[in-house]
Amino acid sequence: MRIGIVGYGSGGKNFHAPFISAAKGLELAGIVARAPATIASAQADFPDVPIYPSLTAMLAAGVDIVTITTPPATRRELVLEAIAAGVAVIADKPFAPDAKTGRELADAAKAKGVVLSVYHNRRFDADIQTLRKVIEQQRVGKLWRLHNRMDLDDPHTLEGGEAGGLLRDIGSHLVDQTLWLLGPVKSVYAHTDIVDHPDGPTNASFVITLTHTSGVHSHISASKLNRLATRELIIYGDKGSYTSNGTDVQAQAIFAGQRPADDLVAWGYEKQERWGVLRTANGEEAIPSEQGNYHAYYEAFVEAVRSGVEPPVTTEQAIQTLAVLDAALISARERRPVMLA
């Protein structure tokens, strides 16, 4: 299937294009870019792929799927344009500023009969895939709680203002991971740390406590300005615990110049010395890494378009993530728990 990328900044260049190239059943058929430096970057990476000045131009040339990876404030209109053209859409996260707008986009896709999905690719991280297997196998017994932490020493990438902030950036990923692992949420309690930014007051770190309908608790946190780089996952159960302090394997490989298509078999595994550890009455056991594979998202999306099965991330799941983020902003502002229907 022919796919086009709309936007070729860091996201399009590093987190979409390499995995589109590695995915079975896909052909990169176009890139929308405007700035001269962005056009040059796209041409250097894909000299045989057409560069278009707009989504309108690329749709006119003909594609089956588009990935929208432009800045968040621009995504709604672009997603609606692609839907109106009858083209399947992958929207980068967050795919809408709030759950209400997410519902609008989902309804538009349903009315037109096109597949819409959100690129919550971090479900396909090696550490999350490994944790999912540990939970499914009930290795710690009855699950009590999850801690999901990602601190980044990355201050220059903090998006400012009311539409930006870390909560809708990294928070989108961490909340989606947590809902995918533990299911729906009934209450949200959050704290955000606010900084002055040229674009306005901006949340630069957060801590969220979720109570899931199953009774399990999850605790999610992230920061970007604290000169700290830590990735930590911990689950507690009535028979033990599991801890993981992995690295961002796929991103590190991409930034080091590697590409998944070069060696799909070996791609995306955590090094043995960074494997997570299961602790039970039987002692400690290092759990081998599952594969991190963002290209699997794209392959699953192609299958959804072709056969009508659910996409790898449904709009309903993405809307649930947005609803939690909406509630977290209210909770932090009003300093109270927020109940979800």
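Of note:
- Count of region 126-185 residues which are within 18 Å of the chain's Cα centre (by Cα) and basic (Lys, Arg): 3
- The set of residues from region 175-197 being outside any helix (DSSP H, G or I), of a type in the set (A, V, I, L, M, F, W, C) and open to solvent by 20 Å² or more (accessible area, probe 1.4 Å) comprises ILE194, VAL195.
- Out of SER221, SER214, SER172, sole residue that is open to solvent by less than 20 Å² (accessible area, probe 1.4 Å), of a type in the set (Ser, Thr, Tyr) and modelled with pLDDT of 95 or more: SER172
- Count - residues of region 228-246 that are more than 13 Å from LEU146 (Cα to Cα) and part of a strand (DSSP E or B): 2
- In this structure, ALA332 qualifies as touching a residue at least 40 places away in the same chain (Cβ under 8 Å) and touching a strand residue (DSSP E or B) at 6+ places or on another chain (Cβ under 6 Å).
- Evaluated against (1) of a type in the set (D, E, K, R); (2) outside the structural domain of PRO288 (by the TED database); (3) open to solvent by 20 Å² or more (accessible area, probe 1.4 Å), ARG75 falls short on exactly one condition, (3).
- Unmet criterion (only one of (1) of a type outside the set (Lys, Arg); (2) surrounded by fewer than 15 Cβ atoms within 10 Å (Cβ to Cβ); (3) not in a helix (DSSP H, G or I)) for GLU273: (3)
Yes/no matrix, rows are residues, columns are (1) in contact (Cβ under 8 Å) with a residue 40 or more places away in the chain; (2) within 22 Å of VAL313 (Cα to Cα); (3) not assigned by the TED database to the domain that holds LEU228:
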site	(1), (2), (3)
LEU152	yes, no, no
HIS156	no, no, no
ALA163	yes, no, no
HIS173	yes, yes, no
GLN177	yes, yes, no
GLY183	no, yes, no
SER187	yes, no, no
HIS191	yes, no, no
ALA204	yes, no, no
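- Test for GLU290: is it under 26 Å from ILE135 (Cβ atoms), surrounded by 15 or more Cβ atoms within 10 Å (Cβ to Cβ), in contact with a helix residue (DSSP H, G or I) (Cβ under 9 Å, 6 or more places away or on another chain) and at pLDDT 95 or above: yes
- Annotation for region 109-127: at least one member residue is β-branched (Val, Ile, Thr), open to solvent by less than 10 Å² (accessible area, probe 1.4 Å) and under 29 Å from ALA300 (Cβ atoms).
- Only listed residue being buried (at least 19 other Cβ atoms within 10 Å of the Cβ) and not basic (Lys, Arg), chosen from ASN245, ASN226, ASN203: ASN203
- Condition check for GLY283: open to solvent by less than 80 Å² (accessible area, probe 1.4 Å), within 22 Å of PRO18 (Cβ to Cβ) and more than 21 Å from the chain's Cα centre (by Cα): no
- Listed by position, the strands (runs of 3 or more DSSP E) enclosed by region 1-104 that each have at least 1 residues that are touching a residue at least 40 places away in the same chain (Cβ under 8 Å) are 2-6, 65-68, 88-92.
The values are calculated or read from the model by the stated rules, or taken from the named source; none is laboratory data. This structure is a prediction, so every number in the text was calculated from the model and none was measured. A quick note on method: Cβ atoms are made from the backbone with ideal geometry, for glycine too, and the neighbour counts reach across all protein chains shown. We work out accessible area using only protein heavy atoms, side chains counted, and drop any ligands, DNA or RNA first. Shrake-Rupley method; radii C 1.70, N 1.55, O 1.52, S 1.80 Å.
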